[in-house]
1. Test of understanding: among SER4, SER100, SER63, SER69, which residue is modelled with pLDDT under 90 and at negative phi?
2. Could you list, in sequence order, all residues of region 162-188 that are assigned to a loop (DSSP other than H, G, I, E, B) and surrounded by 14 or more Cβ atoms within 10 Å (Cβ to Cβ)?
3. Of all residues in region 189-232, count the ones that are small (Gly, Ala, Ser), within 24 Å of SER165 (Cα to Cα) and not in a strand (DSSP E or B).
4. With respect to THR44, determine if the residue is more than 30 Å from THR152 (Cα to Cα) and either at pLDDT 95 or above or surrounded by 10 or more Cβ atoms within 10 Å (Cβ to Cβ) (or both).
5. Can you list residue pairs whose Cβ atoms sit under 6 Å apart, with the first residue in region 153-171 being over 16 Å from GLY133 (Cα atoms) and of a type in the set (A, V, I, L, M, F, W, C) and the second being surrounded by 14 or more Cβ atoms within 10 Å (Cβ to Cβ) and at pLDDT 95 or above? Count only pairs 6 or more apart in sequence or on different chains.
6. In this structure, is LEU103 surrounded by 16 or more Cβ atoms within 10 Å (Cβ to Cβ), over 24 Å from ARG205 (Cα atoms) and not β-branched (Val, Ile, Thr)?
7. Can you find a residue in region 199-206 that is assigned by TED's automatic domain parsing to the domain that holds VAL227, over 30 Å from SER100 (Cα atoms), surrounded by 15 or more Cβ atoms within 10 Å (Cβ to Cβ) and not acidic (Asp, Glu)?
Amino acid sequence: MDESTMETLTRRLDRVERENYRLKRAGVIALTVISGVMVMGQATTSQVAKQVEAETFIVRDPSGRVVASLGAMPDGGGTLMFFDTKFRPRAMLGVAGDGSPGLTLADKAGNVGVTLFAAADGSRGLEVYDGAGERRAVTKTLPDGSPRVGITHKDGKPSGTLGTSEDGGTTLSFYDKAGKALAALGIEPSGTSNLVLQDRSGKSRVHLIVLPPGSPQLILYDKAGKVIWRVP
């Protein structure tokens, strides 16, 4: 065998060894990947926790900013809260310790904007607030099922209410800035309709009544609440 033939065989042997090394290395990598997948599969099927317990859970975005939290309240209730980019609470869903659920939405200043609730006494409703956090409108039903719609002044005192009673009567009332009822328009369960105007002391000054099947009466009162004129 001459030198050229020996060199050719040597080169071929080196190439074969290099190919074998690459194949072995690829095999080791493949085996490692497969083993990892198998381990992950085993963890998925046999090592997943059936239950996780904590008093508070915090959810963060990729930058570490808190976006939501789930936690217990001191009174025994629980809340789920969502925060904006300034870490201001903007929405809260919760159940109080007495079992009353509620949903609250807030504005950028942190003032309550809207509240939806179902109270423990059986009443439930929707409240709407202005930019200063003062309640301005409310729609709700009382524990007996009677509905109420109300609007308020800036200080939260009533401005007007519309509601029905359990016996079927309906009343529309108007109030002054101090929260005193000055006018009321209503229909009684019997079908009698009424218009009452009164002063701030609560005494009636004018009373218009229409009795079924259509008999009207007009009564005027003095400051002391005594009748001074009646028709008929």
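1. From the options SER4, SER100, SER63, SER69, the qualifying one is SER4.
2. Of region 162-188, the ones assigned to a loop (DSSP other than H, G, I, E, B) are 165-169, 176-180, 188.
SER165, GLY169, ASP176, LYS180, GLU188 - these are the residues of region 162-188 that are assigned to a loop (DSSP other than H, G, I, E, B) and surrounded by 14 or more Cβ atoms within 10 Å (Cβ to Cβ).
3. Result for region 189-232: 4.
4. Against the criterion (more than 30 Å from THR152 (Cα to Cα) and either at pLDDT 95 or above or surrounded by 10 or more Cβ atoms within 10 Å (Cβ to Cβ) (or both)), THR44 does not qualify.
5. Matching pairs, first to second residue: LEU162/VAL149; LEU162/LEU172.
6. It is false that LEU103 is surrounded by 16 or more Cβ atoms within 10 Å (Cβ to Cβ), over 24 Å from ARG205 (Cα atoms) and not β-branched (Val, Ile, Thr).
7. Checked against the condition, which is being assigned by TED's automatic domain parsing to the domain that holds VAL227, over 30 Å from SER100 (Cα atoms), surrounded by 15 or more Cβ atoms within 10 Å (Cβ to Cβ) and not acidic (Asp, Glu), region 199-206 yields at least one hit.
Table: residues versus (1) at pLDDT 95 or above; (2) hydroxyl-bearing (Ser, Thr, Tyr).
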site	(1), (2)
GLU188	no, no
THR192	no, yes
LEU195	yes, no
ASP199	no, no
LYS203	no, no
GLY214	no, no
LEU218	yes, no
ALA224	no, no
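The values are calculated or read from the model by the stated rules, or taken from the named source; none is laboratory data. Predicted, not measured: the structure shown is a model, and the values here were computed from it. Quick reminder, even Gly has a Cβ in these numbers, built from the backbone with ideal geometry, and neighbours come from all protein chains shown.
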